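One structure, as structure tokens, below. Some questions next.
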Amino acid sequence: MLEKEKQERKQGDIILGMMFVIFILVCNLGNYILADQEKSQEENRSLAQKPELDKQSMIRGSFMDQYEDYLSDQFIGRDAFREFNIFVKMVGGSRMESDVFLGEGGQLLKNITKPDQKMLDANIEAINSLAQEVVGKNAEDKEGVENQAAQIQVVENQAAEEQENDDQEVENQETRRVFMLLVPDCTEIYQELLPEFATVESEKEWFDTIENRISDDIIWIDGLSIMSKYKKEKLYYRTDHHWTTLGAYHMFCECKNILGVSDKTDESGDQEEASEEQAVENAKKSENEKQYEVYPITTDFNGMLSGNSGFCPNEREEIDVYIPKEGAVSVIVNYVDQQKRKTSLYDRYMLEEKDKYSVFLGGNSSLIDIRTTSTSEKKILLIKDSFANCFIPFLTEYYSEIVVVDPRYYSGTIHDVMDTYPVDDILFLYSGATFLNDNNIKGFIMD
């Protein structure tokens, strides 16, 4: 009896071992037959490719590390194994994966980490340097225009219209400004949704530090207070780190007067600056009372936080666009480095991709020049990350030209841009997480 049990157990071990060997062989055969993938749509990142074996990589010892990354990214059934691994962790009580928290009610929250202090110092120094340069140029331009105006006044038979235009140019030079708007991340606004015992860095403390250290020549827009005011509304996607178009809309309404743009207040077309109390009241009106129609362009959005973490893979969200009820302007969007032009701020083909947020401007690009049919003569340079992409449509009514630069992808400097595209104002618009960890800003401004 015992001998029979031993024999059966041995046969079972042999069968199990053979199944394991067959499984390994099938996986290796599948990996050999199937072509390597360049990108993971779920995680929205590039996958490691097979490294080339050469003398230098062998000497440095980097070949094996690269090959290990390659095997980790390129094996058959990778997504299924990843989902199973996350499921097991969740059963075990884990509420964090790939730096993403699974918050209360299924809200995904990105971890806020401590920034590199030296890098942050360098970025602030660069921005202060730019502001000083722009404001200094304002003073020189103003003095030059005033001298020119004085000379024109002593010329006989000078037309009054020329003098009026000259005075207007002086006024325009005086209004050239530099703005800075940092949008807090969802985790900062909704900290109460974090899992129990989870701790993150305070963006408020870092924002306060930045506000205190930037030059007086820079106009600070308190994005944290604005977003906190509307936190009962859906300001951020549940599965993505970006703000919703509603969040961008509220931000625009609140800072519109700070930027120096406003709506027409009477039939004659005259504009007047609304009081702060009136601006707040206007922002609180219902969507039907505002000047935009809201259209859902997809209800099938599952964002990058879900893709990176594996949490909430079946969650689907809506992406909206805001279209003016009347007086919508036309645009020509020039993607400078790609050498292509479009007549829309939206790329509907991106709705077929995983990252449907890229419907705004088709995603991130190095340099975009947007010309509008707005009656305004204002021109603005927008230095930004992807948070600005759904904010830009609100600007088109108020600027004849919007120059958009993403320093993460642009290889030139700000002086290259400003020499080519003269602008009236400069706006830095970043998410808090990107600005606190971006190592491209200093090089873009100072080089």
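Scan G327, G363 and give me the residue that is assigned to a loop (DSSP other than H, G, I, E, B) and either of a type in the set (A, V, I, L, M, F, W, C) or over 18 Å from the mean Cα position of the chain (by Cα) (or both).
Of the residues listed, the single one that is assigned to a loop (DSSP other than H, G, I, E, B) and either of a type in the set (A, V, I, L, M, F, W, C) or over 18 Å from the mean Cα position of the chain (by Cα) (or both) is G327.
For Y335, are the conditions met, namely being exposed (fewer than 15 other Cβ atoms within 10 Å of the Cβ), out of contact with any Asp or Glu (no Cβ under 7 Å at 6 or more places or on another chain) and aromatic (F, W, Y)?
no
Determine whether F197 is modelled with pLDDT of 95 or more and among the aromatic types (F, W, Y).
No, not satisfied.
While we're looking at this one, here's another question. Please count how many residues of the stretch 289-324 are among the charged types (D, E, K, R) and within 21 Å of the chain's Cα centre (by Cα).
Selection size over the stretch 289-324: 5.
While we're looking at this one, here's another question. Being among the charged types (D, E, K, R), modelled with pLDDT of 95 or more and touching a helix residue (DSSP H, G or I) at 6+ places or on another chain (Cβ under 7 Å): is that true of D369 here?
No; evaluated as a whole, the condition is false for this residue.
Let me ask something additional. Just to check your reading of the model, which residue among R213, R238 is out of contact with any Lys or Arg (no Cβ under 9 Å at 6 or more places or on another chain), modelled with pLDDT of 95 or more and surrounded by 16 or more Cβ atoms within 10 Å (Cβ to Cβ)?
R238
Just for the stretch 366-407: of the residues that are in a loop (DSSP other than H, G, I, E, B) and small (G, A, S), which one is surrounded by the most Cβ atoms within 10 Å (Cβ to Cβ)?
S374
If I filter the stretch 48-71 for residues that are at pLDDT 70 or above, surrounded by 14 or more Cβ atoms within 10 Å (Cβ to Cβ) and in contact with an Asp or Glu (Cβ under 8 Å, 6 or more places away or on another chain), do I get at least one hit?
Within the stretch 48-71, one or more residues are at pLDDT 70 or above, surrounded by 14 or more Cβ atoms within 10 Å (Cβ to Cβ) and in contact with an Asp or Glu (Cβ under 8 Å, 6 or more places away or on another chain).
Among the residues in the stretch 342-360, are any over 22 Å from the mean Cα position of the chain (by Cα) and surrounded by 14 or more Cβ atoms within 10 Å (Cβ to Cβ)?
no
Now for a separate question. May I ask you to list the residues in the stretch 408-437 that are crowded, with 19+ Cβ neighbours inside 10 Å and part of a helix (DSSP H, G or I)?
Hits for the stretch 408-437 are I414, V417, G432, A433, T434, F435, L436.
What is the one condition in (1) more than 17 Å from T244 (Cβ to Cβ); (2) in a strand (DSSP E or B) that N314 does not satisfy?
Condition not satisfied by N314: (2).
The values are calculated or read from the model by the stated rules, or taken from the named source; none is laboratory data. Just so it is clear, the structure is predicted and the values come from calculations on it, not from any experiment. Note that each Cβ is placed from the backbone with ideal geometry, even for glycine, and that neighbours are counted across all protein chains shown.
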